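Everything on this sheet refers to the single structure shown next.
Each reported figure results from applying straightforward, stated rules to the coordinates on display, with no laboratory input. Because the structure is a prediction, the values reported are computed rather than measured. Positions of Cβ are generated from backbone atoms using ideal geometry, with glycine treated the same way; all protein chains shown enter the neighbour counts.
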Amino acid sequence: MPIIKSAIKRVRKTKRQTQRNLISKNQFKVLIKEFLALVKEKKIEEAAKIFPQVQKAIDLAVKKNLIHANNGARKKSNLSKLIAKSGVSKVKATSVKPTTKKENKPAPVKKETKKAAPKKTTKKK
């Protein structure tokens, strides 16, 4: 048990964060299991409808650092392959990093700073 006050607070904080993380992690695991069950039962149309929710849950887990980004990408890829093998032609895919349109703003102009003249060194003869 920690003795230092900040360490005690850190323990409390870690408990809260762990509970929050478990909720998110369980949510995405349940969605994946539900998706896999639908694919196994050959209910491909229903699985295709759930797929965007599954992707969203995986992206959220990646964003919260519950799973590694490559792990999330691999899961989404494998799940989409399951649907593709089953014969559904179009599956909406999402990315880990949301893309945003950048406004056409001019680049900030850097102020030129004057360089100090090099110091003159005098040699003693």
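Numbers for the structure displayed
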{"item": "Straight-distance crosslink candidates among aspartates and glutamates, where the alpha carbon sits under 19 Å from Lys25 and sequence neighbours closer than 8 are dropped", "result": "Glu34, Asp59"}
{"item": "Out-of-range pairs (alpha-carbon distance over 24 Å; input Lys40/Lys75; Lys49/Lys75; Lys29/Lys64; Lys9/Lys75)", "result": "Lys9/Lys75"}
{"item": "Modelled FRET efficiency - R0 41 Å, Gln17 with Ala84, Cβ distances, 0.05 increments", "result": "0.65"}
{"item": "Tail fraction, Cα-Cα pairs, the stretch 5-86, threshold 22 Å, whole percent", "result": "35 percent"}
{"item": "Positive-end extreme of charge dipole, the stretch 5-86 - chosen from Val62, Val39, Ile50 (charges on Cβ)", "result": "Val62"}
{"item": "Spin-label pair Lys29/Glu41, simplified geometry with 7 Å Cα→Cβ offset, distance in nm", "result": "2.2 nm"}
